[in-house]
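Peer 1: Let me begin by handing over the structure; questions about it come next.
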Amino acid sequence: MTKGGNVMGFSIEMNWEIITHKDSERLGERTFRLVKEGYHFFPLDTAISIQTEGDKQPFGTAIITKAEWGTGRTTLYYELVSLTSVN
């Protein structure tokens, strides 16, 4: 609790798939960085679906190797491990 009895906190969203909105930045042959607004919690070191939009079919699977929270954003670093279609 903070001074005056106010409780401080923040909202966090749990995600089980990566939705890129075509905003990922390629860092290497199969590695990417994606910055999402807000705080998101993703499983690390586990293959999960990746898609461009929430209403589209996944185009592959990726493994998130690192996640960073700061200044109201979540930064994901992931490796594309399989591709099922061209996005």
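The values are calculated or read from the model by the stated rules, or taken from the named source; none is laboratory data. All of these numbers come straight from a predicted model, not from anything done at the bench. Because the Cβ atoms are built from the backbone with ideal geometry, glycine has one as well, and the counts that use them run over all protein chains shown.
Peer 1: Return the residues of segment 24-45 that are over 15 Å from Thr65 (Cβ atoms) and surrounded by 12 or more Cβ atoms within 10 Å (Cβ to Cβ); say none if nothing qualifies.
Peer 2: The answer is Val35, Lys36, Gly38, Tyr39, His40, Phe41.
Peer 1: Any idea which of (1) more than 12 Å from the chain's Cα centre (by Cα); (2) modelled with pLDDT of 95 or more; (3) under 18 Å from Thr74 (Cα atoms) is the one His40 doesn't satisfy?
Peer 2: (1)
Peer 1: Something else: Which of the residues that make up segment 35-87 are in a loop (DSSP other than H, G, I, E, B), more than 21 Å from Ser11 (Cα to Cα) and not polar (S, T, N, Q)?
Peer 2: Taking segment 35-87 as the starting set, the residues that turn out to be in a loop (DSSP other than H, G, I, E, B) are 38-39, 42-46, 52-59, 71-72, 84-87.
From what's left, more than 21 Å from Ser11 (Cα to Cα): 45-46, 52-53, 55-59, 84-87.
Residues satisfying the conditions are Asp45, Glu53, Asp55, Lys56, Pro58, Phe59, Val86.
Peer 1: Residue check, Ile48 against (1) surrounded by 15 or more Cβ atoms within 10 Å (Cβ to Cβ); (2) touching a residue at least 40 places away in the same chain (Cβ under 8 Å); (3) among the β-branched types (Val, Ile, Thr), all met but one. Which one?
Peer 2: Condition not satisfied by Ile48: (2).
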